[in-house]
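Engineer: Once you've had a glance at the structure underneath, I'll fire off some questions.
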Amino acid sequence: MFSKILIANRGEIAVRIIRACRELGIETIAVYSTADRDSLHVKMADQAVCIGGAAARDSYLNISNLIAAAKNLGADAIHPGYGFLAENPYFANLCQTHGIKFIGPRADVIEALGDKVRAREIARAAAVPLVPGSDGAVNSYEEALEIAENIGYPVMIKASAGGGGKGMRLAQSRESLKEALSTARLEASSAFGNEQIYMEKYIEEPRHIEIQVLGDEAGHLIHLGERDCSLQRRNQKLLEESPSSCLDPATRKKMGEVALNTARAADYYSAGTVEFLVDKYGQFFFIEMNTRIQVEHPVSEMVTGIDIVKEQIRIAAGYSLSYAQEDVKLDGWAIECRVNAEDPQRNFQPSPGTIGQYIVPGGPGVRVDSSVYSNYTITPYYDSMMAKVIVWGKDRPEAIQRMKRALNEFVIENVPTTIPFHLMVLDNAFFQRGEVYTNFIQRRMSNGR
Ligand code: MV4
């Protein structure tokens, strides 16, 4: 087992990784930018080193400073968390070159699955159901026109180097295809330095269902059931739950198998997430596979009792999985609400500032993964998430009730947060019936913001 791990991240995920390391008896090194000197992960780690200025590119994205810190402080491994360099194959490779274990999949697997066209080809080869669309990349308008005629409008044009909803353009009809194509290509080229695009049939009112997988380096693979992440705003997930209220047991079983087939076809190990869209007829389609631990991993931990981050670290240290598939039992219902320093009254604009009193909820079935504390100053340099409230209930009604109780208990003075928005969603009749689609907020929330 590793004796020392450097956490190449900040915020609540850095705190989460430190906790997993502590339980495994592993020393931790925190890295921080000049703006994060007073952050919680710095206080909690055994050692901490400043790796650069406030801007992420000078610190949390500064690969040479990260590698230098790991080598100088004798880290055996680096955990990248999510975001920043977590899905950067070059960084994963460089860790390996320097004899530092990258806690995640192999670099070539990160690269293959990060290229959405290649990911589709891997899935197709494994007979995984895909959204009808282009076989590979779309290279010309004529080609796009022919595919669109075959699959029918509207069509979604996506950047191969995109993902998570970034770099997507909708073409409603033949007339708008040409312009949508050229815009998508331009956006892909400027946002990702890779103009490759592909096409999919637009799925109306999809549910976003993802399956958590865990694989070890000996090829054992298990899944931990699904997470329903359909409640999004501008492609930002706001609330996630496990299991999903839109899956019947047969579909759940099938989706788990398909997710494992996808991971096996990709020669996957570590923690990963296979993302699907489910249409209003209950058909599911693979859209992408994420090669990192995700923000919403705690809802899977709450219903399975499995510590995903500890498993990820054990796998990287060469141990085989602690569980076989038959050991994985889903019990009860979990919901996660992301508490962001954003003001729902002002169109969710970020609301950095100094927190006054900060009192987190507790009691039966409540977990808070937080990165802030009383009198902490939230800076504007990074994403606005300050805490995640995750609850477990014996069923969905109890989980909803418990989340409302927990959010009402949460005291965060002087900084506007998304808590009031979550309380409105939890009170919404459509949400309570499990009718949550991607356009839920626009269609089902009175203010529609
Ligand atoms: C789609 C789609 C509709 N049709 N693809 C891709 C990444 C994922 N995070 C969201 N993505 C979507 N891909 C096709 N062919 C709609 C979305 C989508 C979405 C899907 C489920 C739940 C929330 C969503 C929010 C915005 C876009």
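Engineer: Classify the stretch 89-240 as rounded, prolate or oblate, taking a ≥ b ≥ c as the square roots of the eigenvalues of its Cα gyration tensor: rounded when a/c is under 1.5, otherwise prolate if a/b is larger than b/c and oblate if not. Mind showing how you got there, number by number?
Structural biologist: On the way: a/c = 1.93, a/b = 1.54, b/c = 1.25.
Prolate shape, in that a/c is at least 1.5 and a/b is the bigger ratio.
Engineer: Quick check: at a probe of 1.4 Å, how many percent of the accessible area of the stretch 132-201 sits on carbon and sulfur atoms?
Structural biologist: That share works out to 49 percent.
Engineer: What's the whole-number percent of alpha carbon pairs in the stretch 132-201 lying beyond 20 angstrom?
Structural biologist: More than 20 Å apart: 16 percent of the Cα pairs in the stretch 132-201.
Engineer: Moving on to the next point. Suppose every K and R has +1 on its Cβ and every D and E has -1 on its Cβ; what is the size of the dipole of the chain about the Cα centre, in Debye to the nearest 20?
Structural biologist: 680 debye
Engineer: Can you tell me which lysines have their Cα less than 28 Å from the Cα of K394? Leave out same-chain residues fewer than eight positions away.
Structural biologist: Filter leaves K237, K253, K254, K280, K310, K329, K404.
Engineer: Given C-alpha coordinates of the chain, what is the ratio Rg to Rh with the Kirkwood estimate of Rh?
Structural biologist: Result: Rg/Rh = 0.95.
Engineer: Considering only C-alpha atoms, what is the centroid distance from the stretch 148-171 to the stretch 298-329, in Å?
Structural biologist: The two parts, judged by their Cα centres, are 34 Å apart.
Engineer: Just add up the charged neighbours of C95: K/R +1, D/E -1, any other residue whose Cβ is under 12 Å from the Cβ of C95.
Structural biologist: My count for the surroundings of C95 gives +2.
Engineer: Further, regarding this structure: Translational diffusion coefficient, Stokes-Einstein: compute it for the stretch 4-103 using the Kirkwood radius over C-alpha pairs as Rh, at 37 °C and 0.692 mPa s, and state it as an integer in µm² s⁻¹.
Structural biologist: 253 µm²/s
Engineer: Within the chain, which complete DSSP H helices have Cα atoms spanning at least 18 Å along the helix axis and a mean Kyte-Doolittle hydropathy of -0.5 or higher?
Structural biologist: Working: long enough: 11-23 (19 Å, 0.22); 174-192 (27 Å, -0.31); 249-265 (24 Å, -0.59); 396-409 (20 Å, -1.37).
Going by DSSP H runs, the hits are 11-23, 174-192.
Engineer: Using a 1.4 angstrom probe with every protein chain in place, what is the largest-first accessible-area order of V278, V368?
Structural biologist: On the way: V278 5, V368 30 Å².
Of V278, V368, the descending order of accessible area is V368, V278.
Engineer: Per residue, what accessible area does the chain have, given a 1.4 Å probe and all protein chains present, in Å²?
Structural biologist: On a per-residue basis, the chain sits at 39 Å².
Engineer: Ok, one more. Using a 1.4 angstrom probe on heavy atoms only, work out the carbon and sulfur share of the accessible area of the stretch 336-449 in %.
Structural biologist: With neighbouring chains kept in place, the figure for the stretch 336-449 is 50 percent.
Engineer: Can I ask one more? Roughly how much of F84 is accessible, in Å² to the nearest 10, using a 1.4 Å probe?
Structural biologist: Solvent-accessible area, nearest 10 Å²: 70 Å².
The values are calculated or read from the model by the stated rules, or taken from the named source; none is laboratory data. Predicted model only: the values in this text are computed from it and were never measured. Glycine gets a Cβ as well: all are built from the backbone with ideal geometry, and neighbour counts include every protein chain shown. With ligands, DNA and RNA removed, areas are computed over all heavy atoms of the protein, side chains included. Shrake-Rupley method; radii C 1.70, N 1.55, O 1.52, S 1.80 Å.
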